[in-house]
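To keep things clear, I will list the structure first and then write my remarks on it.
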C-alpha cells in the first residue's frame, strides 16, 4: 500500500498513528502510536510527537520540538524552532504522574515563537502570537501578542502576522491583507 505522506528514511513512524495526506516528516523525527497528524503538515528535523497528540491541517513544526501528550494544535498553527511544551505542572523523576497530564490547546492560526515555553493547561487563542523566548503561564487571548518571562501582552496581531494599531474608535487595518479588526471590551475580532 502506497503512503500518502513523506517520511525521511531516518524518521521513526510507529504503528497506530494517523498521518494526513501531503504531510512531510523529516530527519530523526519520531511519531508515536496513537497520535493524529492532519493533512499538509510539516515536521522538521528532530521532532517528537507523543501518543494522544492531535495536530490539525497545515501545522508547521520546526526543528527540535517535542509535542507531549495532552497537546492539541488546531489548523494552521506554527511551532517555532526549539519551542517547548510541558504536560505536568509539578514533575518529579521518582513520582509517576501519567494520569496528571494537563491539556494544552493551541487554536487555529496561532504562532509560537522560537525557544518559547508553553506551560501546560493553557489555551493559546486563535491567531495569537507568542514572541521568541516567551514563557506562557496563563491563557492567551485570540490575536494577542505576548512576550517575555512570564509572558505579558504587549499588543495585538492580524491574521497575517502584523502588529495592529487601533484608532480612537477601536478599529485597525492589517497593512498586508487590508482586513479590518475591532477592539471592543478588551477583545479583538476580525470584521467580516
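The numbers here are math on the coordinates, done by the rules we state, and not lab data. What you see is a predicted model; the values in this text were computed from it and never measured. Cβ atoms come from the backbone with ideal geometry, glycine included; neighbour counts cover every protein chain shown.
Tabulated results
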item: Top of 45, 62, 153 by mean-square fluctuation, Gaussian network on the chain, Cα under 10 Å; result: 153
item: Over the range 53-105, relative contact order from alpha-carbon pairs under 8 Å, at least 6 apart, %; result: 36 percent
item: Computed label-point distance, nm, for sites residue 75 and residue 115 using a 7 Å Cα→Cβ extension; result: 3.4 nm
item: Where labels lie 7 Å past Cα in the beta-carbon direction, separation of residue 137 and residue 27 in nm; result: 3.7 nm
item: The range 155-192 versus the range 73-121: alpha-carbon centroid distance in Å; result: 27 Å
item: Spin-label pair residue 184/residue 39, simplified geometry with 7 Å Cα→Cβ offset, distance in nm; result: 3.4 nm
item: Rel. contact order, % - alpha carbon contacts under 8 angstrom, at least six apart, the range 6-161; result: 13 percent
item: The chain: most fluctuating residue of 55, 79, 102 per GNM, C-alpha cutoff 10 Å; result: 102
item: Surface/4 of the Cα convex hull for the range 87-192, nm²; result: 7.7 nm²
item: Length added when fully stretched, residue 191-residue 9, from 0.36 nm per residue minus Cα-Cα; result: 60.9 nm
item: Among 49, 106, 165: highest mean-square fluctuation, GNM of the chain, C-alpha pairs under 10 Å; result: 165
